[in-house]
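J.: Below is a structure I'd like to ask you about.
The values are calculated or read from the model by the stated rules, or taken from the named source; none is laboratory data. All of these numbers come straight from a predicted model, not from anything done at the bench. Neighbour counts are summed over all protein chains in view; Cβ atoms, including those assigned to glycine, are modelled from backbone coordinates with ideal geometry.
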Amino acid sequence: MKRLIIKSFLLLLPFLLLSGYFIIEDPMKIIHNTKDPTSPGVLMNDRLFVARHLIKSKAKYNAFILGSSRSKSFKTAAWAKHLPSSSKSYHIGVNDETLYGIERKLNYLDSSLYKPKHVLLLIDHRLLSLTSDQTAHIFREYYGFTGETAVSYYQRFLIAFLNPDFLKAYINYLRYGTIGKSANYLWDPGFTFSEENGDIFYSRMDIGIANDSLKFYKDNAATFHNRRETTSKPLMNAEAKRLMSKIKKIFDKNNTSYKIIITPNYDFVKLHPSDVTFLEQFFRKEHVVDFSGSNEMTESLGNYYEHKHFKPYIANRVMAISYSSQLRTKTTNIETKKTSN
């Protein structure tokens, strides 16, 4: 019996040591408070960061930017120009956001001391296609917003940490300080984070472009794939409409001033007309602006850092158009390219 216990302990020892390291050193940035969700090393679950900030902050936020990582180009200071002077905004856009996640965050804001009096909601075909919580630990919604147990939530991170491929990449990072391109959930993006308002800046890319834009785009040419305008499949299924209905109820309850912007993505994918029609009818046309597909915003490669994220000046133009008193009643007042050109 004693020998069996010793063997069992020896078999469990690596797991116990790794689990102890997981708790004490917090490599996944989930146990101790983290002031910067973009810090180099293990990619943090930014949903957890946002939740903790909102729960602990004493700032009286009443204006919120929501969306995927594409929302990073929309800065709170630029948005403030279109809001009353009494507004105090915070950016809660997260990586690979879902429609489900949008609803859960707004539900928390509605049930907390924060009241969403102003909302800028950035969506696209990718976000609208995701109507449930993601299974990957890095994109999992904070358990306090979803009803998932804490044990189930944090277990995902421990399992991910114990993955041999992750451990190999992580140990190499600790030894050499370098991150291989194939290292899952490890990064060193060169971002700058504003703790006050949640804005994220592409500092390293901005410096590279300012120093030599031709070299920057030459070095990153492989990220810009060939494209032609296509239309997404209809995405407003029963679950998507149910989530949209819950979002609309929160807006109505708080008398929220909001804009829903379909972002100008590099991929030239036009949101399906039936989805645009639904959004316009459900939220009213003056609240919905469509910049998807091939148009003056999306045509130039120079408007993008890479194939997924456009630059802040594009976001500023988008906001100027969207909040303009001369905004057309149709989806957008930018002209899409005519096929005859």
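J.: Any residue in the range 255-272 that is farther than 14 Å from residue 66 by Cα sitting within a Cβ distance under 7 Å of a residue that is in a loop (DSSP other than H, G, I, E, B) and β-branched (Val, Ile, Thr)? List the pairs, counting only those 6 or more apart or interchain.
T.: Taking only residues 6 or more apart or on different chains, the pairs are 264/298; 265/298; 266/298; 268/298.
J.: To continue, here is another question. Please tell me if residue 156 is in contact (Cβ under 8 Å) with a residue 40 or more places away in the chain and within 24 Å of residue 102 (Cα to Cα).
T.: No.
J.: Here's a check for you: in the range 40-62, which residue that is under 16 Å from the mean Cα position of the chain (by Cα) and not in a helix (DSSP H, G or I) is surrounded by the most Cβ atoms within 10 Å (Cβ to Cβ)?
T.: Ranking the qualifying residues of the range 40-62, first place goes to 45.
J.: Taking the conditions exactly as written (under 22 Å from residue 35 (Cβ atoms), under 19 Å from the mean Cα position of the chain (by Cα) and either among the acidic types (Asp, Glu) or at pLDDT 95 or above (or both)), does residue 190 satisfy them or not?
T.: Details: under 22 Å from residue 35 (Cβ atoms): yes; under 19 Å from the mean Cα position of the chain (by Cα): yes; either among the acidic types (Asp, Glu) or at pLDDT 95 or above (or both): no.
Spelling it out, it is not the case that residue 190 is under 22 Å from residue 35 (Cβ atoms), under 19 Å from the mean Cα position of the chain (by Cα) and either among the acidic types (Asp, Glu) or at pLDDT 95 or above (or both).
J.: Any residue that is more than 30 Å from residue 114 (Cβ to Cβ), in contact with a Ser or Thr (Cβ under 7 Å, 6 or more places away or on another chain) and either touching a residue at least 12 places away in the same chain (Cβ under 8 Å) or not in a helix (DSSP H, G or I) (or both) - is there at least one of those in the range 230-250?
T.: Scanning the range 230-250 turns up at least one residue that is more than 30 Å from residue 114 (Cβ to Cβ), in contact with a Ser or Thr (Cβ under 7 Å, 6 or more places away or on another chain) and either touching a residue at least 12 places away in the same chain (Cβ under 8 Å) or not in a helix (DSSP H, G or I) (or both).
J.: Still on this structure: Considering only the range 78-106, state which residues are without any contact (Cβ under 8 Å) to a residue 60 or more places away in the chain and assigned to a helix (DSSP H, G or I).
T.: 80, 101, 104, 105 - these are the residues of the range 78-106 that are without any contact (Cβ under 8 Å) to a residue 60 or more places away in the chain and assigned to a helix (DSSP H, G or I).
J.: Quick check on residue 65: is it part of a strand (DSSP E or B), touching a Leu at 6+ places or on another chain (Cβ under 8 Å), β-branched (Val, Ile, Thr) and crowded, with 22+ Cβ neighbours inside 10 Å?
T.: Considered against the rule, which asks whether it is part of a strand (DSSP E or B), touching a Leu at 6+ places or on another chain (Cβ under 8 Å), β-branched (Val, Ile, Thr) and crowded, with 22+ Cβ neighbours inside 10 Å, residue 65 comes out as yes.
J.: I've got another one for you. Among the residues of the range 271-286, count how many are surrounded by fewer than 14 Cβ atoms within 10 Å (Cβ to Cβ) and either part of a loop (DSSP other than H, G, I, E, B) or within 22 Å of the chain's Cα centre (by Cα) (or both).
T.: Residues that pass the stated criteria total 1.
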